[in-house]
Every structure is written in structure tokens, then in C-alpha cells.
1. Exactly which trypsin sites (Lys or Arg not before Pro) in the stretch 63-128 are in a DSSP loop and have at most 14 other Cβ atoms within 10 Å?
2. Taking the square root of 5 times each eigenvalue of the Cα gyration tensor, what semi-axes in Å does the equivalent ellipsoid of the stretch 189-299 have, largest first?
3. Run the numbers for ASN125 and THR532: contour at 0.36 nm per residue of separation, minus the present Cα-Cα distance, in nm.
4. In whole angstrom, note down how far apart the Cα centers of the stretch 430-468 and the stretch 480-533 are.
5. What is the Cα centroid distance between the stretch 134-172 and the stretch 640-698, reported in whole angstrom?
6. Per residue, how big is the convex hull around the C-alpha atoms of the stretch 628-699? Give it to me in cubic angstrom, could you?
7. To the nearest 20 Debye, how big is the dipole of the stretch 137-213 about its Cα centre, given +1 on the beta carbon of each Lys and Arg and -1 on that of each Asp and Glu?
8. Taking the simple approach of a point 7 Å from Cα along Cα-to-Cβ for both LYS210 and SER476, what is their distance in nm?
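FYI, it's all coordinate maths here, none of it is from the lab. What you are looking at is a predicted structure, and each value in this text was computed from that prediction instead of being measured. Cβ: placed from backbone, ideal geometry, glycine included. Neighbour counts: every protein chain shown.
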Amino acid sequence: MGRISYTGGEGNLKYISAIQQPEAGSPWKELTAPPAADRRYCPVPYRNRRRGKMSMGEGSNMNLLTADNISKSYSEKKLLYKINLGINEGDKIGLIGVNGTGKTTLLKIIAGVEKADQGVVVKGNSVRIEYLPQNPDFEPEATVLEQVFKGNTVIMNLIREYEEAIGSRDASSEKISKLAHDMEVMNAWNLESEAKTILTKLGIGDFNAKIAGLSGGQKKRVALAAALVNPSELLILDEPTNHLDNSAIDWLEQYLNKRNGSLLMITHDRYFLDRVANQIIELDNGSLFLYKGNYSYFVEKKIEREEIESAGERKRKSLLRKELAWIKKGAKARTTKQKARIDRFQKLNEQTGGGKVEKIQISAASSRLGKKIIELERINKSFDGIRIIDNFDFELLRNDRIGIVGPNGSGKTTLLNIICGRVEPDSGRVETGETVKIGLYSQEIPYIDGSLRVIEYIKEVAEYLKTAEGHTLSASQMLERFLFPPALQWTPVEKLSGGEKRRLNLLKVLMEAPNVLLLDEPTNDLDIETLTILEDYLESFKGAVIAVSHDRYFLDRMAERIFSFEGNGKIVQYPGNYSDYKENSSGNCQGGFNKTPAKVGAAVDKKSDGPGKVEPGKKRERPLKFSFNEQKEYSEIDGIIAGIEDKINQTNERINEAYADYVLLQQLMAEKEELEGQLQEKLERWVYLNELAEKISKGK
């Protein structure tokens, strides 16, 4: 497919596909929809020579909404500059970009919630827009169903009036009959039934519960249900998968794929984008890039775009070297031609090559772990008489990568809090090794003094961080690697977006150099680029990781074991990543927890026959097998152990020779201690892997 990159006038829309190039012209003041015969297709409508007309491409769907030359600033921060965007019937658009670039602001402007500083948004008179914000407003005394039907449309007003009438002693039977007839005429009965179905699928079973009594996650799900139920031609969703469990996300994917109408959404969920979106728009470095495909297509084409930009940067540097060589020859800048050449050199030198933050692999730093890490024995926990954790046994090993899944409210966060000591179990024992240093990244952003500069907040923890290779990174360097460029580092924290604050909090946890990471929904409100940085970081992290997450892509990259909360206090263990779990689980976690606050998990007994044990009367789980990483480690570990033992022997020989050099002797003794620690770690893994291999062999 061909590629056209366009920057029209002062606008900044760039197309990555074979599409028609927009025409330049004056900004729109007023626009009217053209006759059907005059409609031709262009993914982003452009200015026609005839004032008030949009050219829309032959044989394609009707344009619903157009945003033209949208600009928006907050204080001194320019978020959007002359952004152009058009949405047609059937478009399902995923809007992505780094936190703080203005994605949510753009959605608010398109939804009519916020005004742009400059530019216009035009939509057809009959186009209805339904918008789910990140932080919806609620009426605390309303019931769940009342909140869902609070939209100000004719059909919503009718449903509310009917619900009030049947709940009132004063309503006459004639009034109720008339309202029922009107409901029939407007097909409102189906809408009420659909609302209850959607709420149930999203884990809300009590339709008469007061909003004030719901958790933050439950409120967000009620708001999502309201957005889905209210009829609209354009549905705008800001992070719809936040606060949903995996089964609810699966259902939402199917619902949106079947739903008529257009969709514009912000989400960090890459599998969700891949399966729902048919267009990706990236807000990157002040420009919009349109990709006519799903997330996989976006990744493929972005690589091509960055290769082209890299080639352009190499060409710029080559020209710069030539111009610099010319200037160094001492050419006089007296003639117009010579003056123009010096001006060109200065212009080339000022160019930044795209303004990208350099993506550098971060070697994860952590404190050294001893032999004993964390052990849980016969843990029990209940809330309000509901068993959350039942007789749970677990021993955390070095380099464990564990993902925790289950319905909302099932106790996943409670388990993390028990592990780190923030919550006491009702019974059972938690033992933590002396060398364990836990880093907890929770769902709630802790209090941050808003007057602090970004770099001051990080320096409260550490001014420097030592990497696994022994290199030292300053707080400023770590901030840059987590997408906080130098200019942003001196910004007060109170001016950051919600996603930027979460990214900053994540970095603060990592700067503490923990050796056990507990992550509670780490992907919420983080952009995809930050998630990729985090995933790369965890790959080299020399310690154990336990993560509660609904992000299936993240769990596929990170996890080597899955703990699934499956009801009645049971926590069942599945070897492999999330895709392995989905393929081989019995499906017990896929619903069934809507009637009561969801209960939890299947105890993994370390004295049992292993992760693949089948409980009586249950469907047999898949045969036990190595994950890809475990198989690789199993095949290499003997050689690694032999190599460490050789290094210890060589160090012993050097120690014997260095008896007269006290400084060298101290250095060699420290090296030997480090090598012996590595050997102990590998021997523990050797025992675990060989026991697992024996169980796999017996199961064949």
C-alpha cells in the first residue's frame, strides 16, 4: 500500500496509507452536510472549493463529525495545535499516544464537553454522541438503574417516568397503562432489558443498589453501561477497560464488534485495540498519524514510518556535516548566496530529528535476595462472612513471574496486601526473608505534594540508581527513560495528567530498587509506550514479580504462572502465560460472580502433586508443561552452574595469591560472595526445574 505524508498549511495531520491528499484552504467557519450525490470519501474530510461543502469519497459511509483546526492549551502547555479529524459511519477508531499529549482533551472537545481555543467541531443534526469520561459524575442517591437511564433523551425520559410511576403509590393505573403503551411504541422494553443484561455482564447484579454504596470500579462500570445503553451514532469511550475483569473485557469486545454505529476510544489494552479498532490514530510529537487498520497494522506501519524518519535524520546529519565543512573553510558571508548557505546550516543545526525521546534499554536494578523470600501457609481471609481466601499455601521463588486474574471484588488486591503485610489474614502465617525489599505499586495514586517539581519528587527516594551491570543512572536520566524529558522534569506535579502521575509513581517504586515487585493493575491509565518500557524493564528484573492485571497482552509478556480466583475461596494455579491459561482453564472464572460481591481462589498447595493437580469432580486441567522461558532455562542451567563454579575456583586461586595485598583481597572476597549468591540462586532453580521436569515426565 502506498504512503502519503501531508502537512496542510499550518495543520498537522499525517496520513499513513494510500489516501487522497487534502486541499489547502481557509479554516471552516460554518459547514453544512452536502447532498448524498455530492459525497465522496476521504478518511478526514477536507476543504472543498465550494464553501460549506465536504468532499467525502465515493461509495463510502456518511461523515458523522469533523473537527477542523482544533487547538488547545493549558497555561503554557500547548496540547493540541490545529488538529484535523473526521469520523465516518462504521469507523472504529483507537486513539493512542503518550500520557499528557492531549488524548483525553481531544475526546472532550469532540464530545462537546470542553471548548477548543481555536477551530470548530461540526456534526450532523441527527448525530447522537454518547461519551464515557475517565471520571464520570454520579448522583449518590440514585439507584444503579436510575443512573443508567439518566440521559436526557425522549426514550430515557420515558423510561424514568415509567420507573417512577410503578414505584409510586400515587400513580394511577391509567397513567401506568399509558406509559406502558408509550414504552411499547418506542421499543423501550427492549432497552430496559438490554440495560440489565449489560449491567449483569459487567458484574453489577443489584440494579436497585445506591450509587453511594458502590466502589469506584463498580461506579465506572455503571457509567460504561449507561454509555452502551443510550442510543447513539457515535460512541466515545475513555479507557473503557479500566476496572473490568478479563471476562467482562472479552464480552465488551464482542459487544462493540456487533454494535452498529461508530466508535472513538482511548485504551491501553493492545489486544482490545487489535480486535475492535479498524483505524488507529496516534497523537505523537504534536502530529496526528492515521493508520487504516487495527493495532497490529499500526505497529507494522509505525516501524516503517520510523525507519523513514531515521533515514531523513541521517540525511540531515550528512547535509549538516557538508555545510559545517564549508563554513570551516572560512567562506565569507558577504554575498547573498553565501549568507543563504550559512542560514541553511543554522536551520539544519536547529532541527531535532523529530523530537523523539531516545528509547534506551533499562537494566533493572534490584537489591540482592537471600535464600528465603516469602512463604504463605494456610492463609484464610473473609469479609462480612464471605470467604475470600481459603487455606492458601504458597512459596515465592526467585525470578517468579506470577499473574493474578479473577472477577472484580474477588480478593486479588487483598492477597497482595496480605503478602506485603498491609492486611492481616484471619488465620495462617506469612514469613518474609530478611533480605526481601518489597516494592508495591497500588491502584490508588498516593498523596503527592503538588508543589513539588517532578524531579524533586523522585529525588525524595533516590538521586541515583545502580543498574544490574553496575552503571549509575541519575534521577534525571531515569525520568527521561520513563518519558519525562528535561523540560517536564521541572514542572510542578500538580500540572501533570492522571496518566503522567501514575507513570511518575511507578518510577518512584522502581527507584527504591526492590527485589520483590507487587503490582496492582499496573496498566491502568498508562499509555502503551510506558507499558512497553515497563515490560522490557521486568524482563531484566533480578527478582520476583506478582502482578494483578486485566491486561491480557501484559500478562502474556510477563507471566510464567497464573493464579486464578475461581470462587469459594479457591485460587487455582495454571502454568504458562495468560493465553495458556485461557486455552486450558475450565472456565470457572468466566462469570458467575454477579449475584454477590465476588469471592475467591483455589489454594495452591505446595505439598500437592504440583500445579497440574486435578481436584475431585472438576474438569481435568491441561497436562503440566514447561513455559517457553522455563524450557530455555532448563536446557541452559547446568552449563550456567558449571560456569559459576569455575569462576569461584578461579577467584579462590586469586585469593590465595593476594595474601599480601589487603585491598585486592577485600575486592576478591566480595566477588566470591557475589558468585556464591548467584550459585545458590541457580541451584535453587535447578532443583525446581528438575522436579518440574520429573512431574512432566510422569504425566505423559
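1. Working: sites: LYS72, LYS77, LYS78, LYS82, LYS92, LYS103, LYS108, LYS115, LYS123, ARG128; in loops: LYS115, ARG128.
Passing both the DSSP loop test and the Cβ count: LYS115.
2. On the way: eigenvalues 155, 46, 31 Å².
Taking √(5λ) for each Cα gyration eigenvalue gives 28, 15, 13 Å.
3. On the way: separation 407, 0.36 × 407 = 146.52 nm, distance 4.15 nm.
Value of the extension gain: 142.4 nm.
4. So the separation of the two Cα centres works out to 11 Å.
5. 69
6. Working: hull volume 5.1 nm³, N = 72.
Hull volume over Cα atoms, normalised by residue count, gives 71 Å³.
7. Working: 8 positive and 14 negative charges, 29 e Å.
So the dipole magnitude of the stretch 137-213 works out to roughly 140 debye.
8. In this crude spin-label approximation the distance works out to 5.4 nm.
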